[in-house]
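To keep things clear, I will list the structure first and then write my remarks on it.
What follows is calculated from the coordinates using simple rules that are stated; it is not laboratory data. Computed from a prediction, not measured in an experiment: that's the story for all the values here. Because the Cβ atoms are built from the backbone with ideal geometry, glycine has one as well, and the counts that use them run over all protein chains shown.
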Amino acid sequence: MNKVYFTLLLLFLKGTFGFTQNALELITKLKTELKTNPDDKRKATIYSDIAWYYVNVSTDSALVYSKKAMNESTKLNDSVLIAQVNSDLGAIYFRRNDFENAKKYYGFALNIRKARKDNVGIAKINLHMANIYNKENKKEKALQYYLAGIDYFEKTNNPEIVANTKGNVAALFFELKNYPKAKKYLNDAIKYQETKKDDNGLSTSYLTLGNIYLKTNDTLNALKLYEKSIASAKKSANNVALSSAMNNLGVIKSEQKKSSEAQTLFANSKAVKDSLSVKKDASISDLSIAKEHIMYQRFDQANKVLYQLKERYQNNPSEQELLLSTYQFFIHTYAYLHQPDSVNYYNNLATNIQSKIVETAIAKQTNELETKYQTAKKEKQLLLKEIEIKQTRDRLFLVIGIALIIALIGWLIYRQQKIRNKQQQQEFELKSAIAKIETQNKLQEQRLQISRDLHDNIGSQLTFIISSVDNVKYAFNINNDKLDNKLSGISNFARETIIELRDTIWAMNKSQITLEDLESRIHNFVEKAKIVKTEIAFTFKVDERLIDIQFSSVEGMNIYRAIQEAINNSIKYANATAISIDMFKENDTIKVTINDNGIGFSSDEVNLGNGIVNMQKRIKDIGGTFEMNAQKGIGTTIIFKVPMP
């Protein structure tokens with residue numbers, strides 16, 4: 001590394017350290033915070049902030065952290081963060097002069113903010129789009145967006161954005177060579193920025209105002225403003241403004257024959273632009289350096305820079321204007337060196353390049369005219385096609401309308417027929433229901449008649465038999481124990497028959513038997529059994545979930561008779577001291593368990609009597625299952641399950 005380059009590098013480092021220090025300190029703090037494992041949302045925000053601080057320091061680093069922020073915010077599905085990261089990416093690509101990608105990412109952010117109805121965010125993105133249109137030389141469109149932005153942010157009382165936007169409008173008027181308007185907007189912007197000590201905005205505003213003074217030949221004011229721009233840019237790390245202000249100040253120093261200062265400024269400007277990866281602007285700095293060398297007849301150094309530019313751009317069709325400037329500087333160099341052959345050579349190259357540029361411009365204009373003509377032609381064709389489509393659409397709508405009317409009529413007919421069918425069905429169901437009710441009423445009347453007959457005839461006859469037997473026992477002094485027992489047996493049998501007859505009449509008089517009715521009947525039976533068998537302890541439990549259950553008269557009577565038979569068997573044969581009756585819900589069944597602690601029996605040794613057979617049949621008739629478990633010396637358990645009604 002030669003001494004001159006080393007000296008320039010030291011000067012650059014000294015000049016740029018201050019303006020990058022604040023941004024780098026903030027970046028370092030944020031990177032340190034990342035090591036503390038923050039939550040996902042904070043991590044995404046940190047990546048986004050680092051990317052933003054890197055925008056004016058290193059666009060490559062800014063891109064890396066923006067992509068990390070995008071990954072994290074996408075995982076969170078946070079639309080606010082996603083919109084912000086897309087906006088940051090738009091700003092990064094704008095700094096790199098990649099306007100297509102800048103528009104793409106700003107477009108993504110705009111769609112999200114429109115969906116969220118974020119009017120402030122929408123207005124800000126429109127200002128960014130205005131900057132892009134300005135760079136793309138679409139001045140009228142850019143001015144339209146700028147002025148709309150100023151109007152919006154003035155109404156919403158946001159003077160900072162208004163000031164920055166006025167600075168952009170001033171830059172636009174400067175490019176249009178309307179210097180009075182440019183000064184007017186700039187003075188408004190600078191007034192606010194100086195009040196708020198907005199160094200980032202001031203660096204750009206001072207630069208633009210300096211350019212205006214330079215164009216109007218006020219070199220002294222231009223020099224002061226460039227120095228102010230450099231100072232503000234260093235404070236705010238605005239490398240874009242810094243590089244341009246250094247380059248422009250170098251041009252003034254060069255004109256003032258201050259070569260050493262000019263070279264330092266050009267070198268620093270180029271280094272800053274190289275750090276931003278802005279090749280076109282860096283080449284302009286190289287051309288300024290070459291011009292400085294030529295002015296001071298340092299032709300070898302000038303040619304060295306020019307050859308680098310020639311190699312860079314001679315095969316790049318998009319940089320022909322820079323290549324033309326390079327050839328023109330070669331012509332000046334070889335003219336000073338009195339080398340006419342080289343002068344002619346580069347003059348021919350420059351002429352050819354200029355011809356190509358002119359041809360390209362003419363071709364562009366021709367293409368634009370052709371495009372306008374073709375566009376007008378296509379618009380006419382589209383208009384005719386739209387008319388044809390409209391006519392076709394109208395005919396289609398007419399056909400669809402007729403079809404809908406026919407379909408509606410058909411549907412109405414179908415609906416009317418359906419209503420008629422439904423009415424007929426309802427009439428049939430009503431007649432069936434009436435017939436069923438009449439049948440049930442007749443059956444109920446018959447049941448009532450039978451129950452009255454049983455009560456009046458058989459009941460009274462049984463009562464007469466009991467009364468007669470008792471009269472015989474009391475009227476005659478019977479000393480024959482066998483005869484006395486026989487008469488007592490007849491009387492007891494008649495009484496039991498009356499009880500069963502009453503139970504039968506009770507069941508016949510009910511179309512539905514509730515569990516509460518059944519429970520009451522069983523309680524009565526148990527209470528009577530307690531009077532006869534005082535030595536037996538009875539327990540009766542019913543699951544509360546079964547309280548609202550209703551049985552048919554047949555189901556209720558069969559369950560009652562089965563329980564009654566099981567209790568009678570325990571009383572008569574088991575010699576039990578405890579009998580328990582449990583009724584509870586098990587899945588979709590009612591489970592009834594009758595358990596005693598009597599002597600039990602072995603099913604292999606005892607023949608099942610009619611009582612047990614009757615119980616099995618009763619439970620089976622109502623769709624239930626019957627089970628009996630008995631062990632000698634332990635007791636007997638009868639379990640039957642009937643379906644839930």
**OP:** Two decimals is fine: what is log10 I(q)/I(0) at q = 0.11, 0.18 Å⁻¹ for segment 19-116, from a Debye sum with one equal scatterer on every Cα and no solvent?
**Re:** -0.31, -0.79
**OP:** Taking the Cα centre of segment 513-643 as origin, work out the dipole magnitude from +1 charges on Lys and Arg Cβ and -1 charges on Asp and Glu Cβ, in debye rounded to 20.
**Re:** 320 debye
Original post:
Could you list log10 I(q)/I(0) for segment 60-100 at q = 0.22, 0.31, 0.32 Å⁻¹, which the Debye formula gives when each Cα is one point scatterer?
Top reply: -0.65, -1.00, -1.04
Original post:
If you take the charge dipole of segment 19-116 about its Cα centre, with +1 on Lys and Arg Cβ and -1 on Asp and Glu Cβ, which of 80, 101, 115 is farthest toward its positive end?
Top reply: 115
Original post:
How do 324, 483 line up, fewest other C-beta atoms within 10 Å first?
Top reply: 483, 324
Subject >> Ranked by how many other beta carbons lie within 10 Å on average, peptides 550-563, 384-397 from highest >> reply: 550-563, 384-397
Original post:
Hey, can you rank 422-432, 570-580, 25-35 by average C-beta count inside 10 Å, highest first?
Top reply: 570-580, 25-35, 422-432
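According to the square roots a ≥ b ≥ c of the eigenvalues of the Cα gyration tensor, what is the shape class of segment 118-237, taking rounded for a/c under 1.5, prolate for a/b larger than b/c otherwise, and oblate for the remainder? Walk me through the intermediate numbers first.
Working: a/c = 2.01, a/b = 1.36, b/c = 1.48.
Oblate shape, in that a/c is at least 1.5 and b/c is the bigger or equal ratio.
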**OP:** Evaluate the charge dipole of segment 37-181 about its Cα centre and quote only its size in Debye, nearest 20, assuming +1 on the Cβ of each Lys and Arg and -1 on the Cβ of each Asp and Glu.
**Re:** 280 debye
